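Below: the structure, in structure tokens.
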Amino acid sequence: MRPSVSINLDAVDASVAGAQNGDSIKTEFIFRFSCMTVATGAPVGTVKIQVSNDGSNWIDLPSATSAVSSATNYLIASTEICYQYLRSVYTKTSGTGTITTKIMILGA
């Protein structure tokens, strides 16, 4: 049986300009993940998943971006990965509020 783990990343202040990075997660032995974002207040921006094989150089994971436009829940569907690390990134366009990201992982 493959273990699954839910990881709550720190909430970020959606009123801060620019990109805010979540903590990185070491993903060895992880095959799939999904990401749920809860937005409160009136934030407008994007949440995306970035991946890295060295923990220093990050790239956007294709098809793992969600536009945030109001206080509601957003989902990045189950995605296969083969990288050493992943993290969430929120980039503000406008508005204020809080963004909380929860990542569910499925491992070996």
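The values are calculated or read from the model by the stated rules, or taken from the named source; none is laboratory data. Keep in mind that this is a model prediction, so the values were computed, not measured. Neighbour counts run over all protein chains shown; Cβ positions are idealised from the backbone, glycine included.
Here are the numbers:
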{"read-out": "Of residues in region 69-94 being part of a strand (DSSP E or B) and over 16 Å from residue 20 (Cβ atoms), the one modelled with the highest pLDDT", "value": "85"}
{"read-out": "Filter result (modelled with pLDDT under 90 and part of a loop (DSSP other than H, G, I, E, B)) within region 43-68", "value": "43"}
